[in-house]
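J.: Mind looking over this structure? Questions follow.
The values are calculated or read from the model by the stated rules, or taken from the named source; none is laboratory data. Because the structure is predicted, anything quoted here is derived from the model rather than measured. Every residue, glycine as well, gets a Cβ built from its backbone with ideal geometry; the counts of neighbours run over all protein chains shown.
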Amino acid sequence: MKITAITAQQKDPNRVNVMVDGKYRFSLNIFQIGDLGIRVGKEYTEQELAEFETESQFGKLYARTLEYCLMRPHSSREVRDYLYRKTLSKKYKSRQTGELKERKGVSKGVTQRVFDRLVEKGYIDDEKFARFWVENRNQRKGTSRRKLQAELMAKGVDKTIIEQCLGESSRNDTEELQKIIIKKAGKYTDEQKLVAYLARQGFSYDDIKQALASSSD
């Protein structure tokens, strides 16, 4: 089987379509074309073409997952969950025939390669993620350390990393409580209801009573 054409995609100038024996077979990014040594007129076996198709999947998924990681830092569990969803088959309706078809998900081997590459490049780092979360989560509204801890644990961050990041942070429950009290006090005519609300946010009863006393002085 022979590569008969390599043409640039209209939607993405960084990707090219590869034609085999006059028919579209797969797409690759321009760097993959060079790395794999693919050129027009060269012949390949079916096994080699199948390997190129795997590289096509890898390139597409790596680009999409990198975009996901660049939107904001994510924990390793979040990225693994994102990649897992890409392994699932999806049903779609053909634009040409209206027929319901199934698009197979990518292999677990490809998703693991993508994950490992992102770790290698520093885009997945639970310690960096935890620091980002602690320093940016509800800065204006206020958040208790207990709530921050629970959120990070829910995202799969190791408890040791969480404790380290919370210990390094300048945020403290006294100041965080004051932020919330300033925003919420006017909405609660009954102080006990305000106390109950603050307790649900993860603050201790003693800290709440002290903060309310200070705010009324």
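J.: Given the condition farther than 30 Å from Leu83 by Cβ and either in contact (Cβ under 8 Å) with a residue 40 or more places away in the chain or of a type outside the set (D, E, K, R) (or both), answer yes or no: does some residue in the range 146-161 qualify?
T.: First pass over the range 146-161, keeping only residues farther than 30 Å from Leu83 by Cβ: 146.
Next cut, either in contact (Cβ under 8 Å) with a residue 40 or more places away in the chain or of a type outside the set (D, E, K, R) (or both) only: 146.
There is at least one residue in the range 146-161 that is farther than 30 Å from Leu83 by Cβ and either in contact (Cβ under 8 Å) with a residue 40 or more places away in the chain or of a type outside the set (D, E, K, R) (or both).
J.: Step by step: first the residues of the range 80-116, then only those that are of a type in the set (A, V, I, L, M, F, W, C) and modelled with pLDDT of 90 or more, then the one that is surrounded by the most Cβ atoms within 10 Å (Cβ to Cβ). Which residue is that? Walk me through it before giving the result.
T.: First pass over the range 80-116, keeping only residues of a type in the set (A, V, I, L, M, F, W, C): 83, 88, 100, 106, 110, 114-115.
Add one more test, that the residue is modelled with pLDDT of 90 or more, and what stays is 83, 88, 106, 110, 114-115.
Working: Leu83: 21, Leu88: 10, Val106: 18, Val110: 22, Val114: 25, Phe115: 20.
The selected residue is Val114.
J.: From the list Ala199, Ala211, which one is assigned to a helix (DSSP H, G or I), closer than 30 Å to Arg77 by Cα and among the small types (Gly, Ala, Ser)? So that I can check it myself, show each step before the final result.
T.: Working: Ala211 fails: closer than 30 Å to Arg77 by Cα.
Ala199 is the lone residue from the list that is assigned to a helix (DSSP H, G or I), closer than 30 Å to Arg77 by Cα and among the small types (Gly, Ala, Ser).
J.: Among what's in the range 126-138 and is among the acidic types (Asp, Glu) and surrounded by fewer than 18 Cβ atoms within 10 Å (Cβ to Cβ), pick the residue that is farthest from Lys184 (Cα to Cα).
T.: Pass one, the range 126-138, residues among the acidic types (Asp, Glu): 126-127, 135.
Filter again for surrounded by fewer than 18 Cβ atoms within 10 Å (Cβ to Cβ), leaving 127, 135.
Numbers: Glu127: 32, Glu135: 22 Å.
By that ranking, first place goes to Glu127.
J.: Please enumerate the residues belonging to the range 135-154 that are in a loop (DSSP other than H, G, I, E, B) and not hydroxyl-bearing (Ser, Thr, Tyr). Let's see the steps before the verdict.
T.: Let us first name the residues in the range 135-154 that are in a loop (DSSP other than H, G, I, E, B), namely 137-144.
Passing the criteria: Arg137, Asn138, Gln139, Arg140, Lys141, Gly142.
Here is a yes/no grid of residues against (1) within 30 Å of the chain's Cα centre (by Cα); (2) without any contact (Cβ under 8 Å) to a residue 40 or more places away in the chain:
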residue: Ser144; (1), (2): yes, no
residue: Asn172; (1), (2): yes, yes
residue: Ala185; (1), (2): no, yes
residue: Ala196; (1), (2): no, yes
residue: Gly202; (1), (2): yes, no
residue: Ile208; (1), (2): no, yes
residue: Ser215; (1), (2): no, yes
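J.: If you check Phe132 against the conditions, is it in a helix (DSSP H, G or I), under 29 Å from Thr87 (Cα atoms) and either out of contact with any helix residue (DSSP H, G or I) (no Cβ under 8 Å at 6 or more places or on another chain) or touching a residue at least 60 places away in the same chain (Cβ under 8 Å) (or both)? Full working, then the answer.
T.: Values: in a helix (DSSP H, G or I): yes; under 29 Å from Thr87 (Cα atoms): yes; either out of contact with any helix residue (DSSP H, G or I) (no Cβ under 8 Å at 6 or more places or on another chain) or touching a residue at least 60 places away in the same chain (Cβ under 8 Å) (or both): yes.
So Phe132 fits the description; yes.
Quick grid of which residues meet (1) small (Gly, Ala, Ser); (2) surrounded by 15 or more Cβ atoms within 10 Å (Cβ to Cβ); (3) under 30 Å from Asp125 (Cβ atoms):
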position	(1), (2), (3)
Arg140	no, no, yes
Thr143	no, yes, yes
Ala150	yes, no, yes
Gly156	yes, yes, yes
Ile162	no, yes, yes
Ile181	no, yes, no
Glu191	no, no, no
Gly202	yes, yes, yes
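J.: If you don't mind, there's one more thing I want to ask. Across the range 1-36, which residue is modelled with the highest pLDDT among those that are under 18 Å from Ala50 (Cα atoms) and of a type in the set (Asp, Glu)?
T.: Asp21
J.: Among the residues of the range 1-46, what is the count of those that are within 30 Å of the chain's Cα centre (by Cα), surrounded by fewer than 17 Cβ atoms within 10 Å (Cβ to Cβ) and among the polar types (S, T, N, Q)?
T.: Of the residues in the range 1-46, 4 are within 30 Å of the chain's Cα centre (by Cα), surrounded by fewer than 17 Cβ atoms within 10 Å (Cβ to Cβ) and among the polar types (S, T, N, Q).
J.: Okay, next question. With the checklist (1) more than 16 Å from Asp125 (Cα to Cα); (2) out of contact with any helix residue (DSSP H, G or I) (no Cβ under 7 Å at 6 or more places or on another chain); (3) not hydroxyl-bearing (Ser, Thr, Tyr) in hand, flag the one item Leu61 doesn't pass.
T.: (2)
J.: Sticking with this one: Out of all the residues in the range 125-147, which are of a type in the set (Asp, Glu) and over 14 Å from Lys159 (Cα atoms)?
T.: Filtering the range 125-147 for residues of a type in the set (Asp, Glu) gives 125-127, 135.
Answer for the range 125-147, where residues must be of a type in the set (Asp, Glu) and over 14 Å from Lys159 (Cα atoms): Asp125, Glu135.
J.: Any residue at all in the range 111-125 that is touching a strand residue (DSSP E or B) at 6+ places or on another chain (Cβ under 7 Å), within 30 Å of Thr54 (Cα to Cα) and not hydrophobic (A, V, I, L, M, F, W, C)? Full working, then the answer.
T.: Of all residues in the range 111-125, those touching a strand residue (DSSP E or B) at 6+ places or on another chain (Cβ under 7 Å) come to none.
Within the range 111-125 (the criterion being touching a strand residue (DSSP E or B) at 6+ places or on another chain (Cβ under 7 Å), within 30 Å of Thr54 (Cα to Cα) and not hydrophobic (A, V, I, L, M, F, W, C)), the answer is no, since none of the residues qualifies.
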